[in-house]
1. Mind pulling the angle between the C-alpha long axis of helix 414-429 and the longest principal axis of the chain? Nearest 10 degrees, somewhere in 0 to 90.
2. What part of the accessible area of segment 58-308, given as a whole %, is carbon or sulfur when the probe is 1.4 angstrom?
3. Would you please classify the overall shape of segment 20-122 from the alpha carbon gyration tensor, given that a ≥ b ≥ c denote the square roots of the eigenvalues, rounded means a/c under 1.5, and beyond that prolate means a/b larger than b/c while oblate covers the rest?
4. For ILE16 and GLU30 in one chain, what is 0.36 nm times their gap in residues minus the Cα-Cα distance, to one decimal in nm?
5. Nearest 10 degrees, 0 to 90: what angle lies between the long axis of helix 21-30 and the longest principal axis of the chain (Cα atoms)?
6. Counting heavy atoms of the protein chains only and a 1.4 Å probe, report the per residue accessible area for the chain as a whole number of Å².
7. Within the chain, what percent of beta bridges assigned by DSSP are antiparallel, to the nearest 5?
8. Once the Cα atoms of helix 160-170 and of the chain are each reduced to a long axis, what angle between those two axes, in degrees from 0 to 90 to the nearest 10, is obtained?
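The values are calculated or read from the model by the stated rules, or taken from the named source; none is laboratory data. Only a predicted model underlies this, so the values are computations on that prediction, with no experimental measurement involved. Cβ atoms come from the backbone with ideal geometry, glycine included; neighbour counts cover every protein chain shown. Just the protein is used for accessible areas: all its heavy atoms, side chains included, with ligands, DNA and RNA removed. Shrake-Rupley method; radii C 1.70, N 1.55, O 1.52, S 1.80 Å.
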Amino acid sequence: MTRIFEPFRIKSVEPIKFTTKTDREKFLKEAHNNVFLVKAKNVLIDLLTDSGTSAMSAQQWGAMMVGDESYAGAESYYHFEAAVKNIMGFKHIIPTHQGRAAEKIIGSLMGGKGKSFVSNSFFDTTRGNIEFSGAEAIDFLTAEGKQPSLIADFKGNMDTVALEHYIQQRGAENIPLCVLTITNNSGGGQPVSMQNIKETSAICKKYGILFFIDACRFAENAYFIKTREKGYENKSILEICQETFSYADGCTMSAKKDALVNIGGFICMNDDKLAMEAKNLLIIMEGFPTYGGLAGRDLEAIAQGLHEVLEEDYLEYRIGTMKYIGEKLTAAGVPILQPTGGHAVYLDAKAFMAHIPPHQLPGIALTNALYIEGGIRGVEIGSLMFGKYDEKGAYVPATLELVRLAIPRRVYTQSHMDYMCDVIIDVYKQRTQYKGYKITYEAPLLRHFTAHMEAL
Ligand SMILES: *Cc1c(COP(=O)(O)O)cnc(C)c1O
């Protein structure tokens, strides 16, 4: 791809405030060298997350005006339900305020001590909700997915051999649920093939284990299936999505991703008894089952977003953007996770900042360099996020040192992406001038959000 064609024109704009390198040095210092503590208004290109950061369409804003705010049985709920049912086909469709509320329901209803949940890769909030219930959460990622530089089509797949082996050892009665995350967020936004979805489903059926899909990026995954998997090239995105969900007993969804909205989520299932229990929990946690913690207008925006996300022009632009960035950086010699996935580009900070050892946080050195040089905000996924101390207090670094650049949907143009690539390439050319960091304050849990750091 030599060019990104944005399949939209811009009707409403949000100004970006320019800052100088000197400004940004001051802002980062005030933020204790942690970009999570920098004010968003002082960021030029914000790539912290693709969650809830989408630009809504004129049709979505229009739909919000007709939101029905009735407490029970609002018309907006039925619009939302019909849109979800069209794609996912499940019998019961329950709105929640975001994805993790749907996961909390799963954890509460099926979790508990002595239980094991299995997945290709659990997303961290899903894992958190399972572990909070006392159960354990185990990943069975395909071997291909564990090699950052390997180019393969479906690096997000489940290792079905390891999964089946584990089920036989552990006993199916101790495994309440199998979750397939599409695309595989923790694994770099890598897709899962239809073949793998089918095989995982068949294993779950064979052993009587409930099979759910973590559906956050279901449309991006369908586009990869269409363009990479034999037999799907002439199917529509809708048909591929319908087939995907036909193999599952239910799903959880963060509408902040592929429903193109700023807030929302849902949980679906076919089982009547499970749905009844979920609705009972929902009423104390989120709200009445026809609004689930959302306003009627949010449900309208989701319904319309689910329609728009299936458009092939949009998906070609979306996935094409990652590919474009990936090719441009690779051509300049910048080390990235290969191949680019659906929603983000990951820089390999270990190779990029090879002169900085893991305990001096090379991912933070790179994240901070991108902010200071170009006002770009990415996120370190490395030793600040996952580094640990062993029993003797010795430092154990993360296996990978990555910097994730998550691309918000329909927000930035090609010239923003070109600017971003230029900044990354400039930083790469002068990489040896950047120094490592040490932590001066860390919280006992999830330290990366609030840590204070100092340059060495
Ligand atoms: C974002 C995300 C979630 C959680 O959704 P929230 O809306 O942020 O609560 C769950 N799973 C995956 C794969 C995600 O990307």
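1. 50 degrees
2. In segment 58-308, the share of accessible area belonging to carbon and sulfur is 53 percent.
3. oblate
4. 3.0 nm
5. Computed tilt is about 60 degrees.
6. Roughly 43 Å² per residue, with all protein chains present.
7. 65 percent
8. 70 degrees
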